[in-house]
Amino acid sequence: MMLWRQFAMEWRLYRRDRVAMFWTFAFPVVLLLGFGVIFRDGGGPKLSVVRVQAPAPGPQDSALDQALADVQLKVQTLPKAEAEARWARGETAAQLETDGAGYRLRLNSYLMAQAGATAGLVNQAWLMAQARLSGSPEPQRIPVSVESPGHKHSANYAAFLLPGLLGLNLVSMGLFSVGMVNVSYREKGKFRRLAVTPLPKWIFLLGQVLHRLTVTVIQAAILLLVGRLVFGIENQGSFIDLFLIMTLGTGCFMAFGFALSGFADTSEGYAAISNLVFFPLMLLSGVYFTLDSAPAWLQHAVAMAPLAPFLRALRAVFNDGGSLAGHGAGLAIVAVWGLAAFALAVRRFRWA
């Protein structure tokens, strides 16, 4: 069968490129293992404060130290000279020191994400310590529970990262494996030679599509297997819904690759064009972190790009056991982007 031979040929050519094989199959696993191990502890972020040793510790210091322990803040007590040296090196997010009859809290302006949360706990501990010293009833703290939006809970950042890597792999496959290969074929004259062979164009293109689809399936299977065996991460929702979302994303981002390849005549030119698309999607769409603190206009703009709504739907199913209900608008955005990219690809495609 001609289609099967073309499909097998695509795989033989792909296996020869060891660098592409590494970045396709091994690098996402390295990212998952690296970040998953670094942030493996599920007890929440480990906030810490450097406590400068008091010249003459008294009951107030003891009460504050006990309150800091009660709010589960990690306290590292250091002599003043050592604490100042560490602060000067930029290694401290928050430093608590005696100031007259009270205290002063210094926050590192470059580490405000951690320092701001630490400051809230330090002030809470100070209120508790004052209440204990004065014999007043302690202020009641609001109970806190940690759970995902779907009321599931995973103890590892890897559970958040894994769907992000699945989506990023689809973008990489579309932009670099699909788009770059097509530009390379055109640049080297392979398309012109193929155009005069008995090989039908649709078989050539379909062979490429099927090859990329199988690569995507293998990528996803490897990541899911590593997540399950190493971190205990597993799909909380329907595998049918997961498959439908992945299929939609694959089609959308492969269409992106075909479309962008029509705007470049050389591999170098395509590399510049594809990176202009790849890096904003990677950094702003929620692959590694959310944009909760970003300006509202940026959040709205990212929500209209294809990768962000794709990842929201994927995480809703994979992490929270949700369904596709409630994600119709986001998936429609992905579909519209895919259709628009496909129409552009058809318009711009050329053999020479």
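A compact table of results
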quantity: Qualifying positions in segment 48-73 - surrounded by fewer than 17 Cβ atoms within 10 Å (Cβ to Cβ) and part of a strand (DSSP E or B); calculated: S48
quantity: Odd one out for H211 among (1) out of contact with any Phe, Trp or Tyr (no Cβ under 8 Å at 6 or more places or on another chain); (2) buried (at least 20 other Cβ atoms within 10 Å of the Cβ); (3) over 13 Å from L175 (Cβ atoms); (4) not hydroxyl-bearing (S, T, Y); calculated: (1)
quantity: Top-ranked residue of segment 30-69 - restricted to ones that are modelled with pLDDT of 90 or more and of a type in the set (D, E, K, R), ranked as farthest from G164 (Cα to Cα); calculated: D61
quantity: Scope segment 317-343; condition in contact with a Gly (Cβ under 7 Å, 6 or more places away or on another chain), of a type outside the set (F, W, Y) and at pLDDT 90 or above; matching residues; calculated: V317, V334, G338
quantity: Every pair of residues 6+ apart whose Cβ atoms lie under 9 Å, when the first sits in segment 227-242 and is more than 13 Å from V317 (Cα to Cα) and in the same structural domain as A313 (by TED's automatic domain parsing) while the second is of a type in the set (D, E, K, R) and assigned to a loop (DSSP other than H, G, I, E, B); calculated: G227/E234; R228/E234; F231/R40
quantity: Among (1) in a helix (DSSP H, G or I); (2) among the aliphatic types (A, V, I, L, M); (3) out of contact with any Ser or Thr (no Cβ under 7 Å at 6 or more places or on another chain); (4) in contact (Cβ under 8 Å) with a residue 24 or more places away in the chain - the single one A343 does not satisfy; calculated: (4)
quantity: Any hit, segment 78-93, residues being closer than 30 Å to R212 by Cα, out of contact with any His (no Cβ under 7 Å at 6 or more places or on another chain), surrounded by 17 or more Cβ atoms within 10 Å (Cβ to Cβ) and in contact (Cβ under 8 Å) with a residue 12 or more places away in the chain; calculated: no
quantity: Test for Y288: is it under 22 Å from the mean Cα position of the chain (by Cα) and either outside any helix (DSSP H, G or I) or of a type in the set (S, T, Y) (or both); calculated: yes
quantity: Test: residue in segment 291-314 that is touching a residue at least 24 places away in the same chain (Cβ under 8 Å) and among the β-branched types (V, I, T); calculated: no
quantity: The one condition in (1) in contact with a strand residue (DSSP E or B) (Cβ under 6 Å, 6 or more places away or on another chain); (2) outside any strand (DSSP E or B) that Q76 fails to fulfil; calculated: (2)
quantity: Residue in segment 237-257 that is of a type in the set (A, V, I, L, M) and either in contact with a strand residue (DSSP E or B) (Cβ under 6 Å, 6 or more places away or on another chain) or at pLDDT below 90 (or both) present; calculated: no
quantity: Top-ranked residue of segment 215-226 - restricted to ones that are without any contact (Cβ under 8 Å) to a residue 40 or more places away in the chain and surrounded by fewer than 13 Cβ atoms within 10 Å (Cβ to Cβ), ranked as nearest to G179 (Cα to Cα); calculated: A221
quantity: Filtered residues of segment 324-340 (kept if outside any helix (DSSP H, G or I) and either exposed (fewer than 13 other Cβ atoms within 10 Å of the Cβ) or of a type in the set (V, I, T) (or both)); calculated: A325, G326
quantity: Pick from segment 24-40, criterion touching a residue at least 60 places away in the same chain (Cβ under 8 Å) and among the aromatic types (F, W, Y), ranking: surrounded by the most Cβ atoms within 10 Å (Cβ to Cβ); calculated: F35
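The values are calculated or read from the model by the stated rules, or taken from the named source; none is laboratory data. Predicted, not measured: the structure shown is a model, and the values here were computed from it. Neighbour counts run over all protein chains shown; Cβ positions are idealised from the backbone, glycine included.
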